[in-house]
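The values are calculated or read from the model by the stated rules, or taken from the named source; none is laboratory data. Computed from a predicted structure; not experimentally measured. In this analysis, Cβ positions are derived from the backbone assuming ideal geometry, glycine residues included, and neighbour counts consider all displayed protein chains. To get the accessible areas, we keep the full protein, side chains included, count just its heavy atoms, and leave off ligands, DNA and RNA. Shrake-Rupley method; radii C 1.70, N 1.55, O 1.52, S 1.80 Å.
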Amino acid sequence: MVLFSEDHIQETRRRGRIEVICGSMFSGKTEELIRRMKRAKFARQRVEIFKPAIDTRYSEGDVVSHDSNSISSTPIDSSASILLFTSEIDVVGIDEAQFFDSGLIDVCNQLANNGVRVIIAGLDMDFKGVPFGPMPALCAIADEVSKVHAICVKCGQLASFSHRTVKNDKQVLLGETAQYEPLCRECYQRALQEDREKS
């Protein structure tokens with residue numbers, strides 16, 4: 001007799017759901033997305049990962065975490081394109097979801113309603129601490145939301161905010177450690193005050 005753990009049954013039975021992994025920069029969102037996608041592949045599920053075509057920081061085609069873990073992906077310009085690639089797919093991964101258009105919400109709902117497991121990773125707030133793109137709505141419709149944290153580079157507490165360290169007011173500025181630092185609420189407020197005093 002073969003005994004299956006609940007985990008295994010959930011991994012192998014086709015059941016539509018939306019999972020959101022959100023947090024600040026450097027909090028391990030992409031790392032967690034890659035981990036879940038690799039588990040699904042291991043369970044012999046058909047997977048496909050998408051990322052915004054504008055995100056070419058580490059690779060044109062792969063989703064790559066700050067720790068250099070990677071998984072191959074399909075870069076796309078609009079959320080509607082996802083539906084063109086997912087007719088035979090069990091699990092869909094979407095990285096950097098904050099950069100997509102608001103149509104992503106309907107796309108994810110449609111996929112989940114059709115029995116697809118959708119795993120989304122993205123920044124929940126921009127550098128000004130404002131909810132970012134379609135992420136708030138995706139958190140609202142998700143079956144499960146995992147909020148992950150970085151470590152504050154100033155005091156070592158859990159960090160939820162991405163502080164931009166260069167002078168640039170554009171909401172979308174693709175960056176790494178040279179442009180952003182993860183901060184806790186207290187250190188973020190202090191950094192904003194210092195930015196205001198400088199300008």
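Around the amide H of I94, modelled in the peptide plane, lie the amide H atoms of F50, I119, I120, A121, all under 5 Å away and 5 or more residues distant in sequence or on another chain.
Pop out the carbon and sulfur fraction of the accessible area of region 15-147 as a percent, whole number, probe 1.4 Å.
Values: 2660 of 5670 Å².
Carbon and sulfur: 47 percent of the exposed surface of region 15-147.
Beta bridges per DSSP, both residues in region 80-187: antiparallel share near 65 percent. Here K147 is the anchor, and the lysines within straight C-alpha reach of less than 26 Å, apart from those fewer than 8 places off in the same chain, are K29, K38, K41, K51, K128, K170.
Near the amide H of H163, within less than 5 Å, lie the amide hydrogens of E181, L183, all on another chain or at least 5 residues away, with H placed in the peptide plane.
3J(HN,Hα) couplings calculated from phi for region 157-168 with the Karplus curve 6.51 cos²θ - 1.76 cosθ + 1.60 (θ = phi - 60°) are, in sequence order, 6, 5, 10, 10, 10, 9, 8, 7, 9, 10, 7, 6 Hz; Gly and Pro show x.
Give me the dipole magnitude in Debye, nearest 20, for region 15-147 about the Cα centre, with unit charges on the beta carbon: positive for Lys and Arg, negative for Asp and Glu. Let's see the in-between values first.
Numbers: 15 positive and 19 negative charges, 105 e Å.
Result for region 15-147 is approximately 500 debye, rounded to the nearest 20.
The alpha-carbon atoms of region 82-195, seen along their principal axes, cover 50, 27, 21 angstrom, with the largest extent given first. Whole-Hz Karplus values for region 84-93 come out as 6, 9, 10, 5, 10, 10, 8, 10, 10, x Hz, taken residue by residue from phi with 6.51 cos²θ - 1.76 cosθ + 1.60 and θ = phi - 60°; glycine and proline positions read x.
One way to sum up the overall shape of region 15-147 is the equivalent ellipsoid from its Cα gyration tensor, whose semi-axes run 19, 17, 14 Å, largest first.
Entry comment: accessible area of region 15-147 is 43 Å² per residue, from protein heavy atoms only and a probe of 1.4 Å. Where both bridge residues fall in region 15-147, DSSP classifies roughly 15% of the beta bridges as antiparallel. Near the amide H of I18, within less than 5 Å, lie the amide hydrogens of V118, D143, E144, all on another chain or at least 5 residues away, with H placed in the peptide plane.
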